[in-house]
Amino acid sequence: MSEIKYDDKARHTAGAANNFRGLCWKLFLSGKWHYFILMISDHGRDIIRRKYDAFSTDRAYEPNFSGLFWPLGVLVDRFIWSFPLHQALRGRVRNVSDYLAEITARLVAEQGSARLISAPCGLIKDLIYTKQKLEQAGVSVSQVHFHGLDLDFNGDVIAEARRRADRAHLEIGLVRDDIFNIHRHYKGRFDIVNCIGLISWMELAEVERLVRYFAEQVISDRGYLLIDNFALHRNSAAGGDLEINTRYFEPKALKVLFARAGFELISEKTTSDGINTVYVLRKRAL
């Protein structure tokens, strides 16, 4: 495996200037005391401390409420779970798994198998949902080769993903590395690349480099790429205060970029609140 530069910050923390204690002190001195209500929610503390890493994002999916000073912390946790952004995250995972199941089933029917990689894979909730939907549709999951790759900056994501895969009886190959090293771990190309939750931490030029990399070194001819984008929303203003520096791209600019990199837009689905859009791209044949 190629060397990973762990002296660089992970994407979701790249814009953070302070640790948890320093950020709390900064909020106190600036008079933004309303953020301290988040501290009694377990999810709220995770967001402030970990930003939106794989674990804090995962808390938005299931209604498992907890916090300090019961029942007050639980009520705040429930309130945070209802944020429009977190509703959009739940809508996104449904949209992604619907698309993945549909495309994978079609490929299995057409060519007998499908090769799929999720990068970054996070805690593989979307892949577990995809497996369940394929089984419900009567598709043999043994004909689908699941893979995942994640930078796993703190060294805890891949281990937890493996545990979840075992519980879900999902056979999957998991690799810890930088996303631009996918081609170093696998021979041949992938039919589907699922790249969700990454470009919000990138500049537009970096997004183009990423999409071109997928086209040139990872995805087979006429293969698929799933990628997503967020729109400004009610919680966006808090990002600057909490040092969570996400990017919001104009859809038109992204679509021009996709076409320039060699992809055609097949489908797109936006969550009901308009916050997240998942794009399904297909690589043009050479």
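The values are calculated or read from the model by the stated rules, or taken from the named source; none is laboratory data. Computed from a prediction, not measured in an experiment: that's the story for all the values here. Because the Cβ atoms are built from the backbone with ideal geometry, glycine has one as well, and the counts that use them run over all protein chains shown.
Quick one: in the stretch 240-270, of everything that is buried (at least 16 other Cβ atoms within 10 Å of the Cβ) and among the aromatic types (Phe, Trp, Tyr), which residue is farthest from the chain's Cα centre (by Cα)?
The residue in question is Phe263.
Residues are listed down the side, and each one gets a yes or a no for (1) touching a helix residue (DSSP H, G or I) at 6+ places or on another chain (Cβ under 7 Å); (2) more than 17 Å from Leu89 (Cβ to Cβ); (3) at pLDDT 95 or above; (4) among the hydroxyl-bearing types (Ser, Thr, Tyr):
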site	(1), (2), (3), (4)
Glu208	yes, yes, yes, no
Arg212	no, yes, yes, no
Ala215	no, yes, yes, no
Leu226	yes, no, yes, no
Glu243	yes, yes, no, no
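Can you spot a residue in the stretch 88-104 that is small (Gly, Ala, Ser) and assigned to a loop (DSSP other than H, G, I, E, B)?
Within the stretch 88-104, the subset small (Gly, Ala, Ser) is 88, 91, 97, 101.
After this cut, where a residue has to be assigned to a loop (DSSP other than H, G, I, E, B) as well, the list is none.
Looking through the stretch 88-104, none of the residues is small (Gly, Ala, Ser) and assigned to a loop (DSSP other than H, G, I, E, B).
Going through Val144, Val108, Val96, Val139 one at a time, which residue ends up being crowded, with 23+ Cβ neighbours inside 10 Å, over 26 Å from Glu208 (Cα atoms) and either modelled with pLDDT of 95 or more or among the polar types (S, T, N, Q) (or both)?
Numbers: Val108 fails: crowded, with 23+ Cβ neighbours inside 10 Å; Val96 fails: over 26 Å from Glu208 (Cα atoms); Val139 fails: crowded, with 23+ Cβ neighbours inside 10 Å.
After applying the criteria, what remains is Val144.
Name the one entry in Asp46, Asp77 that is assigned to a helix (DSSP H, G or I), touching a His at 6+ places or on another chain (Cβ under 7 Å), of a type outside the set (A, V, I, L, M, F, W, C) and surrounded by 15 or more Cβ atoms within 10 Å (Cβ to Cβ). Break it down into steps so the answer makes sense when it comes.
Values: Asp46 fails: touching a His at 6+ places or on another chain (Cβ under 7 Å).
Criteria check complete, one pass: Asp77.
Please give the number of the condition Thr130 fails out of (1) β-branched (Val, Ile, Thr); (2) surrounded by fewer than 23 Cβ atoms within 10 Å (Cβ to Cβ); (3) assigned to a helix (DSSP H, G or I).
Here Thr130 clears every test but (2).
Against the definition (over 19 Å from Ser236 (Cα atoms) and acidic (Asp, Glu)), how does Asp77 come out, yes or no? Before you say what the answer is, go through the steps one by one.
Details: over 19 Å from Ser236 (Cα atoms): no; acidic (Asp, Glu): yes.
It is false that Asp77 is over 19 Å from Ser236 (Cα atoms) and acidic (Asp, Glu).
Got a sec? Which of Phe180, Phe153 is closer than 20 Å to Asp53 by Cβ, in a helix (DSSP H, G or I), in the same structural domain as Arg209 (by TED's automatic domain parsing) and in contact with a Lys or Arg (Cβ under 9 Å, 6 or more places away or on another chain)? Reasoning before the result, please.
Working: Phe153 fails: in a helix (DSSP H, G or I).
Residue meeting the stated conditions: Phe180.
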